[in-house]
1. Using only alpha-carbon positions, what ratio does the radius of gyration of region 253-305 give when scaled by 2.2 N^0.38 Å?
2. Tell me whether region 183-258 comes out rounded, prolate or oblate; compute the Cα gyration tensor, take square roots of the eigenvalues as a ≥ b ≥ c, and use a/c under 1.5 as the rounded threshold.
3. I need the peptides 330-338, 357-365, 257-265 ranked by packing, meaning the mean over residues of other C-beta atoms within 10 angstrom, with the highest value on top.
4. At 7 Å along Cα-to-Cβ for each site, give me the label-to-label distance between S98 and E475 in nm.
5. Given R₀ = 56 Å, FRET efficiency for A467-R510 by Cβ-Cβ distance, to 0.05?
6. Can you give me the long-range amide H partners of G412? Hydrogens built in the peptide plane at 1.01 Å from N, cutoff under 5 Å, separation of 5 or more residues or another chain.
7. Taking Cα centroids, how far is region 299-374 from region 468-517 in Å?
8. Could you sort T448, T246, T437 by accessible area so the largest value comes first, with the probe set to 1.4 Å?
Amino acid sequence: MLDILFRIAIIGVGLSMPIWLYLAELRPRVLMHRAGDDLRALAAACDQALRTADASAETRDRLDAAQASRLEHALEIGRLPCKRYAALTEQLLSEGVSRHALAALRLAATADPSYPDLRAGRADVEALDAHLRVAARLYGLAPLPVKEDVPDPKFRLGKRLFFDPALSGQGERSCATCHGLAAATAGGAALEARLDVSPEWLPNVPARNVPDLWNRDHNDVSAMLWDGRLQALTTAGQGAFVLPETLVTGRFENLMALQSVRPIFVPVEMLGEPGASNALAPDAAGTPAPEAVLARVARRLFGDDARGQSEAESYRALFRESYGVATADEVRPSHLGNALAHYIEIEFQSRDTPWDRYLAGDLSAISEDQKRGALLFYGIGKCAVCHSGAIFSDFGFHSVGVPDRRDEKDLGRVYATGMPGDRFLFRTPPLRNVTLTAPYFHNGQAGTLVEAIRQHLDPYRNARVYAEDGAHLMEPAEIDAISPILASHALITDDQIELLIDFLESLEDRGAGAMSR
């Protein structure tokens, strides 16, 4: 009997040994294998975020309060994977995984600066949405409000003006000539196509890339043009506008209205060279007076009103229904500008973007890669430090180190302020529909979004490049002007650049995409 019991005990021990070995050795290995991809990806993402925070530490003192606050938000969002990494490692430790195994995996994941392990694991969708909720709370993100699309007389007047070449001196250009629908209201070329005028009529500002017109009526829009020469001064009182030319601005409804009429009296844009052959600016003795030019525009519109339009759509009828004016002499510059701006703000607004639908609660509106790109944009990419708000611009002035290869360098903001410290600074461009408005930067230097993002990630890459004449491509002042936000070396990988572009595609308005195709 004892012998039988002994044999049973031996058999029991033999059977329990594999179970004990599994619990002691194999189970932790199985757990590590199952969690390995996620663990490596989280370790790499956390390391990337911590290095970004360390590299950004010296820049905080060089930022204004709003920028510094947004930088802190970005770093906080970037560190979110660290929390998930810590929770996962604690869970694995409690289930028998050794600290040595975890440390070895972390070292393998963070040893390569290119972070190849970021591709290994994919955060689950719920985690991505949770992180984006944090970003939405920190940055106060909300869907962009949409104005009602009502074709009232003022809208129809603005639309007719926008496409009418009669607003130009030689009758050959309209607003749509430069702000082409096929280019999603941008120019589509690196630099604006200026009219051929004598040197005395050339502005002191070099030719630039034509900006788009999307959402320019938004309250965040406090400056127009790359150097902000048109500006809304909230500190100077409600509705106070700054304009380089002598034009009374009090009756203009917003900055877009003022900007809408400006090209009409600028010789290189729509007016052409003043002289006897120019119906809008016949006096070549001095600089064309804006109000005189715009008064001639009104007379031309009323005098040539039978160009295939019904009486209901005639300029006489549209001005009467919009403003109650019956003659050309009653038309004021603000009437023209306000009608153009009204059309632009209704027609060129972001109506239907995946990102807005996502912010409104449709979590399936954007893809997983777009969600990952959004976290990069608001997190370690630090993009939202400058590209902030509902239309993705702080409307501040910065340099990202874009070189100017022309003989006459574009000095940027200094043309507007005359302040030496503003040399080579340019307004932060809004990003809605940016995927449709290539090329990029004030001089159209970047032909693709990949090039534009790479310039932000490495703004000093042209600091030691030589121009064709043997001199350095960039002056010391250009290098010194580069934004401190970009001063630290970026750790964004090539894969992450593609994710950022995926996110920017979620800012594309469906109507804008159809317009440009």
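The values are calculated or read from the model by the stated rules, or taken from the named source; none is laboratory data. Since the model is a prediction, treat every value here as computed from it, not as a measurement. A quick note on method: Cβ atoms are made from the backbone with ideal geometry, for glycine too, and the neighbour counts reach across all protein chains shown. With ligands, DNA and RNA removed, areas are computed over all heavy atoms of the protein, side chains included. Shrake-Rupley method; radii C 1.70, N 1.55, O 1.52, S 1.80 Å.
1. In units of the globular-protein estimate, region 253-305 measures up at 1.15.
2. oblate
3. 257-265, 330-338, 357-365
4. Result: 6.4 nm between the two label points.
5. Between A467 and R510 the formula returns 0.85.
6. HN-HN under 5 Å from G412: F424.
7. Region 299-374 and region 468-517 have Cα centres spaced 30 Å from each other.
8. Largest accessible area first, the residues go T246, T448, T437.
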